[in-house]
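Taking it in order: structure first as structure tokens, then the write-up.
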Amino acid sequence: MSDVLAFAEQRAGQIGSAAREAVSTAARLAGQLGGSAHVITLGGPGLFESAGVLGEVGAALISVGEHEALLEYNPEGYAQVIADHVRAGDFAAVILPATTVGKDVAPRVAAMLDVPLASDVTSIDVDDGVLSITKPVYSGKAFAHLSVDTVPAMVTIRPNVFQVEQHAAGGAVSTFTPDIDPSAWRIRVIERKAAADGALDVSEATTIVSGGRGMKDPENWGLLESLRDALGPGVALGASRAVVDAGWRPHGEQVGQTGKTVAPKLYFAVGISGAIQHLAGMRTSQTIVAINRDADAPIFGVADYGIVGDLFEILPRLAEEVAALKAAD
Amino acid sequence: MNVTVCVKRVPDTETRVRIDGTGIETTGVKFIVSPYDEFAVEAALRTKEAAGDGAVSLLSLGDASTAEPLRAGLAMGADSALLLTADVGLDGLATAKALANELQGSDDALILFGVKAADDDQQQVGPMVATLLNRPCVTGVASFEVQGDRAVCHREVEGGVEVIEVDLPAVLTITKGEYEPRFASLKGIMAAKRKPLEEKEATSVPERLRVDRLSEPPARAAGRIVGEGPDAVPELLRLLREEANAL
């Protein structure tokens, strides 16, 4: 009962950073508890070929469930297979990434197993053999320190917050065919439309370029896109509530209490004054840069670095110099 | 078409949170229907209007003061409301069980939730209730349309949109998408006073995920203004690269 299970999500057969964070966290906790890290990953035939990398981030046992019907995420199949896998083992904790898939499947698994779930946690540790869990509440205006009475403890962990540690030994990979009956599923995915220009979701991006009212007009978003493109892969556009409410940007980009809570390595707040509900949603970012005309804007109170001035002059120069810097690397 | 909407009373999102032990200081705090739940109420009203018949019922778990946001939902146009009185904590499964106990006998085609509550951000009670009731559930629905015995849902996901078909009866959790909530008219507010708002005690479910304490978010070290105007850009990039190691 000292083993820890992680769910490693794949997309298009690839294991992403959120999955590696979940596995590495499972390995750390298992180490503290004197057990080992088990991983379950689900997908289509051939997934085992990319699952081996999970050994490098601490997985001792990697169970790869391969089935045509699991190629793409469907909550009915995924929840059942994960719950069956947890029941068949003896785990102190079960860890899933708080991605769109993780947040969708984890509550179903928790209800099937009759254990509570702590969502979107930002720290989990073992103190004297007991798990201590912290998660932001009120969108980060406060942190709740939690204890859980059940075994296993179930959590989803916020992307970009947990360290990925490299391990020397590779894990043992075993493949199984999940016992599922897709014809009984009551949910069917009819169509998947990729976002324009392969945009990345703000909650998983390692860098976010966010714009607010100071951008003055939705037509001006090209300036933010130039900066995003200059910064390279892993960068998403974000937005303040004001510009989403005004219909300038889609709600999926909104950062803050009625949008998404984010924790990227680098956050650019451009033309955002810093309303309390926006600050709550981005204050756990590692490094914050603010660009604003008003030197007294609240955003400068949480920013590590600020530039005061006209964003229409600053942004083009910033995009240009970032591009030059990246080109020189 | 009958629709039940589960709503939660939360502090206004503009609230400055003051910590008081395992909770927050509520004196002087304005409480509202959680914004995502308002989208769900709007979605339910539009579904009823499109069907041309049926009723929208509100269901909430909370203390007696939750009656106030339920009245607000009735003023928007919901037909009736039921408040299950209980102390609500962070254990979403305990909340889900109390709601599922009440919904067990419901034959409403749709049970709607907001995608998450604006206070604890757990994002779990909707799919948990669905699992307990053995109903299918689609989360994060930006818009949906009922077509006979199924609903076609548009769902925001990383890097795009999914179109999902779900058999009814179903549970959906609603995000902002197309459902900008309507304002209650004066007539609606007056009518709400005469609509049924029942109160009864929730079945008691023990909480197994407990808040030991709340703490302030980690303070951010005071930042600095690098400079003014575009000429500050090179210094900003130097700091981001050499000091913050962020570029």
Whole-angstrom Cα spans of chain B along principal axes, big to small: 64, 42, 40
Paramagnetic reach from A:PHE176 in the range B:111-133 [backbone N under 19 Å; point 7 Å along Cα→Cβ]: none
Residue pairs, from the table A:LYS260/B:LYS195; A:LYS326/B:LYS116; A:LYS260/B:LYS193; A:LYS135/A:LYS216; A:LYS141/B:LYS97; A:LYS141/B:LYS187, whose Cα atoms sit over 32 Å apart: A:LYS260/B:LYS195; A:LYS326/B:LYS116; A:LYS260/B:LYS193; A:LYS135/A:LYS216; A:LYS141/B:LYS187
Computed over the range A:256-329, the ratio Rg/Rh where both radii use C-alpha atoms and Rh is Kirkwood: 1.01
Simple label model, 7 Å out from Cα along Cβ direction - B:VAL161 to A:SER17, nm: 2.8 nm
Translational diffusion of the range A:1-110, µm² s⁻¹ [Kirkwood Rh, Cα pairs; Stokes-Einstein; 20 °C; 1.002 mPa s]: 159 µm²/s
Radius of gyration and maximum dimension Dmax of the range A:86-240, Cα, Å: 19.9, 57
Gyration tensor (alpha-carbon) shape descriptor, the range B:81-178, a/c threshold 1.5: oblate
Kirkwood Rh (inverse of mean 1/r, distinct Cα pairs), the protein assembly as shown, angstrom: 24.4 Å
Distance (nanometres) between label positions extended 7 Å along Cα→Cβ at B:PHE183 and B:ALA64: 3.3 nm
Rounded D (µm²/s) - the range A:6-66, Kirkwood Rh over Cα pairs, Stokes-Einstein at 37 °C, 0.692 mPa s: 293 µm²/s
Hz values of 3J(HN,Hα) by residue in the range A:224-238 - Karplus curve (6.51, -1.76, 1.60), Gly and Pro given as x: 6, 5, 4, 5, 4, 5, 5, 6, x, x, x, 10, 10, 8, x
Sites A:VAL161 and B:ARG194 - FRET efficiency at Förster radius 35 Å, r taken between beta-carbons, to 0.05: 0.10
Estimated FRET transfer efficiency when R0 is 56 angstrom, pair A:ARG213-A:THR150 (beta carbons, to 0.05): 0.75
Prolate/oblate/rounded label for chain A (Cα gyration tensor, a/c 1.5): prolate
Within chain A, helix-based [θ] at 222 nm, where runs of 4 or more DSSP H residues each add -39,500 (n - 2.57), nearest 500: -8500 deg cm²/dmol
Residue-by-residue Karplus 3J(HN,Hα) for the range A:128-134, coefficients 6.51, -1.76, 1.60, Hz, glycine and proline x: 6, x, 10, 6, 10, 10, 10
Charge context of A:LEU227, other residues only, Cβ under 11 angstrom, K/R +1, D/E -1: -2
Tensor-based shape of the range A:147-211 (alpha-carbon gyration tensor, a/c under 1.5 rounded, otherwise prolate or oblate): oblate
From phi via Karplus (6.51, -1.76, 1.60), per-residue ³J(HN,Hα) for the range A:71-85 in Hz, x at Gly/Pro: 3, 10, 5, 9, x, 5, x, 4, 4, 5, 5, 5, 4, 4, 5
In nm, spacing of pseudo-spin labels at B:ALA55 and A:ALA194 (7 Å Cα→C-beta vector): 4.9 nm
Extension gain from A:ALA88 to A:PHE312, taking 0.36 nm per residue of separation minus the Cα-Cα distance: 74.8 nm
Full-extension gain in nm, A:GLU320 to A:ASP245, via 0.36 nm per residue minus C-alpha separation: 24.0 nm
Cross-link reach list, aspartates and glutamates versus B:LYS48, counting only Cα pairs under 20 Å and skipping chain neighbours closer than eight places: B:ASP37, B:GLU38, B:ASP79, B:ASP107, B:ASP108, B:GLU145, B:ASP149, B:GLU165, B:ASP167, B:GLU178, B:GLU180
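Here, each number is a calculation from the coordinates, and none is a lab measurement. Keep in mind the model is a prediction, meaning the values are calculated, not measured. When we count neighbours, we look across all protein chains shown, and the Cβ atoms used for this are built from the backbone with ideal geometry, even at glycine.
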